[in-house]
Amino acid sequence: MRILVVDDEPPIVQLCVKILARAGHEVDGVTSGEDALARLTSTLVDLLVVDYNMPELNGIEVIRRARTFQPGLKVVMITAHRTREAAEEELGAGPSWVLMKPFTPNELVQTVDATLNQSRDRS
């Protein structure tokens, strides 16, 4: 299972990559929506972990664009600026998870694992 982490704050990306790699996941990270879309056009991933509030392309726009060429893409959106309900409503149909900042390493791993396991259960 491949995971791509997207956040405009490099320390957040580095921390998430480190935590998820230690949990046994194959994970990479980028610091912009544009970089995420470029990566997603050339590399299939199973899960996108994306921040809601980023300059230029916010997380919702990244998700919408990414799903045009990877329709089954699973998403965990991280945010400190939206309510969970508002963020889930914006994501639309399909399985999605919202993780509120600040989150613990354990919460990140549990959310990612639950999303990936949900994906496998539906296969």
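The values are calculated or read from the model by the stated rules, or taken from the named source; none is laboratory data. Owing to the predicted nature of the structure, the values given are computational and were not obtained by experimental measurement. Just the protein is used for accessible areas: all its heavy atoms, side chains included, with ligands, DNA and RNA removed. Shrake-Rupley method; radii C 1.70, N 1.55, O 1.52, S 1.80 Å.
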Problem - Selection within region 75-110 - open to solvent by 60 Å² or more (accessible area, probe 1.4 Å), assigned to a helix (DSSP H, G or I), modelled with pLDDT of 90 or more and not acidic (Asp, Glu) - result: PRO105, ASN106, GLN110
Practice task
Might you let me know whether region 26-41 holds any residue that is open to solvent by 30 Å² or more (accessible area, probe 1.4 Å) and modelled with pLDDT under 95?
Solution key: yes
